[in-house]
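What follows draws every value from the coordinates through simple rules; no lab data is involved. Source: prediction; values computed, not measured. Ideal geometry is used to build each Cβ from the backbone, glycine not excepted, and the neighbour counts take in all protein chains shown.
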Amino acid sequence: MRRLIKISSLAAVLFGFLWIALFSASMYTYTSLTSESVVAELRFEPVGQQEYLAHVRSGDFCEEQTFRVLGDQWRIDAEFLKWKYWALALGLDSQYRLDRLEGRYRATEDQNVRPTLAHDLKKITVVQVADVSETLGSLSFLTDATYGSSTYQDIDTDRVFYVYRTQTGLITRSENEPSSRIGDSGLRVRITRACGAEPGYWQRFVVWLNDRLVATIASRDS
């Protein structure tokens, strides 16, 4: 009997550790809403009539992604997770995660008849934080609301757009495209935001664990 109890206790501890790791992996794709800060940087390059290449940096700003955008404007959507106020006081910061980038037309007539294109920005996780109330089970009373927030602007190839997250949603500011300078090699160098800090061991572990489980589930379903 004692051996059975020990095995059951060990299984419960391992299950709890696994759940915490998977939930952490989901949380690491979100960022705390503790202050206003830049979450994405966008530049646009024209390639055709109402067609652009969007050069996007987000996350740690170390890598640039390029997306085809159709229309006169661009829009970024994000998912928000808000805890109860008393839970916020205990240190559970509200969270956000970038969700989608797409183009939009200024005229609704064009929006209804012209081609559109959307791009997924979020990372796939085993635990979906948007459904965190169901995931937490008996602890769902901690969550207040999950909702979406969007920001959009007219596309201007001469400007750099910065998407900020605030306590309640996304906002956009822009500035003129900075002039490139000549580097030591003679090439033109564009100065961009520096990369973020190296992730910690726990963050790397839980993200690795999540990626392995996502790959396993995908191979099993295929």
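For this structure, a couple of remarks:
- Ranked list, fewest to most other Cβ atoms within 10 Å of each Cβ, for Trp83, Trp74: Trp83, Trp74
- Take the Cβ atoms of Glu45 and Thr168, set R0 to 30 Å, and the FRET efficiency comes out at 0.40.
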